[in-house]
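Okay, handing you the structure first.
The values are calculated or read from the model by the stated rules, or taken from the named source; none is laboratory data. Note that the coordinates shown come from a computational prediction; the quantities given were computed from them, not determined experimentally. Every residue, glycine among them, receives a Cβ derived from its backbone with ideal geometry; neighbour counts consider all protein chains shown. Please note that ligands, DNA and RNA were not included when accessible areas were found on the heavy atoms of the full protein model with its side chains. Shrake-Rupley method; radii C 1.70, N 1.55, O 1.52, S 1.80 Å.
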Amino acid sequence: MAFSKDTRTVLMVGAGLAVLAGVAAALVFGAGKANDPNAVPPAAEGGLKIDLAEAPALEPTRQLRCFVDGQFVGMATLADCANRNGVASSALDVGLDSTGALAAAPTAAFAPPPTAPVTVAPSGQPSGATSQAQASPPQASATGGVCLRHVGSEWRQVGTGMSIGACAQALYSGTCVRSPGEAQYGRWNDVTLRLVPRRVEQSSDNSRFTTLAAQNRACQFPDL
């Protein structure tokens, strides 16, 4: 069937207008999705999470729960809390406390170092049982050191002939201390070991501690 010249012109114009309308609709709907305030952000879809055990960066003005001498003293900035404790900001551990809120407390404030061992209960032996091991302090072997764990109010032997790194692994591999101010203690020969949030520390005088190894999110020590 033949169309007149005018009819062909009308059809061509109509087709062109339909194409333009389709392009405009795609642009409008595409822009609407990109700018939709109710749209779920890609990070949320991916399950983005912040692990506060990884030393969160804090704004200088951010308020957090502050502990002094083991007691909650109110909300304060990190610098303010450090000032109340009479220490540098770097001496505070930051993380989630028992309430789930962001908090700061001096390292090991809730668990000060125990005294050096005088008697040692072998692992698995009930406290109060008498033995030669309890009657004398542990002795280092010729091939390595004696590794001890502090449990309750006593020291228990974990192993002998171990390096300090192997002792730290035996004591704390797979174990994390997440609450600021908390700590777990061990001993390698005359060196006190202390597990605190994000690291294990060592001290030769049971007072001044330095970092032995950092701990990752899986509660492991890749550097040991």
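Can you name the number of the only condition in (1) of a type outside the set (Phe, Trp, Tyr); (2) in contact (Cβ under 8 Å) with a residue 12 or more places away in the chain; (3) within 16 Å of residue 92 (Cα to Cα) that residue 184 fails?
(3) is the only condition that residue 184 fails.
Counting only residues that are assigned to a strand (DSSP E or B) and over 21 Å from residue 103 (Cβ atoms), which one in the stretch 181-199 is most open to solvent (accessible area, probe 1.4 Å)? Give the steps one after another, and end with the answer.
First pass over the stretch 181-199, keeping only residues assigned to a strand (DSSP E or B): 184-188, 191-196, 199.
Retained after the next criterion (residues that are over 21 Å from residue 103 (Cβ atoms)): 185-188, 191-193.
Working: 185: 15, 186: 0, 187: 24, 188: 54, 191: 29, 192: 1, 193: 0 Å².
Here the residue is 188.
Now a separate question. Listed residues 101, 121, 109; which is of a type in the set (Gly, Ala, Ser), surrounded by 15 or more Cβ atoms within 10 Å (Cβ to Cβ) and modelled with pLDDT of 90 or more?
109
Can you name every residue in the stretch 152-180 that is aliphatic (A, V, I, L, M) and either modelled with pLDDT under 95 or assigned to a loop (DSSP other than H, G, I, E, B) (or both)? Step through it out loud before you land on a result.
To start, the set of residues in the stretch 152-180 that are aliphatic (A, V, I, L, M) comprises 158, 162, 164, 166, 168, 170-171, 177.
The one that is aliphatic (A, V, I, L, M) and either modelled with pLDDT under 95 or assigned to a loop (DSSP other than H, G, I, E, B) (or both): 177.
Test of understanding: among 67, 72, which residue is at pLDDT 50 or above and open to solvent by 80 Å² or more (accessible area, probe 1.4 Å)?
Values: 67 fails: open to solvent by 80 Å² or more (accessible area, probe 1.4 Å).
Answer to the selection: 72.
With respect to the numbered conditions (1) surrounded by 13 or more Cβ atoms within 10 Å (Cβ to Cβ); (2) at pLDDT 95 or above; (3) in a loop (DSSP other than H, G, I, E, B), which one is the sole condition not fulfilled by residue 149?
Every listed condition holds for residue 149 apart from (3).
Right, something else. Does residue 139 count as at pLDDT below 60, closer than 16 Å to residue 192 by Cα, part of a loop (DSSP other than H, G, I, E, B) and not basic (Lys, Arg)?
Numbers: at pLDDT below 60: yes; closer than 16 Å to residue 192 by Cα: yes; part of a loop (DSSP other than H, G, I, E, B): yes; not basic (Lys, Arg): yes.
Yes; evaluated as a whole, the condition is true for this residue.
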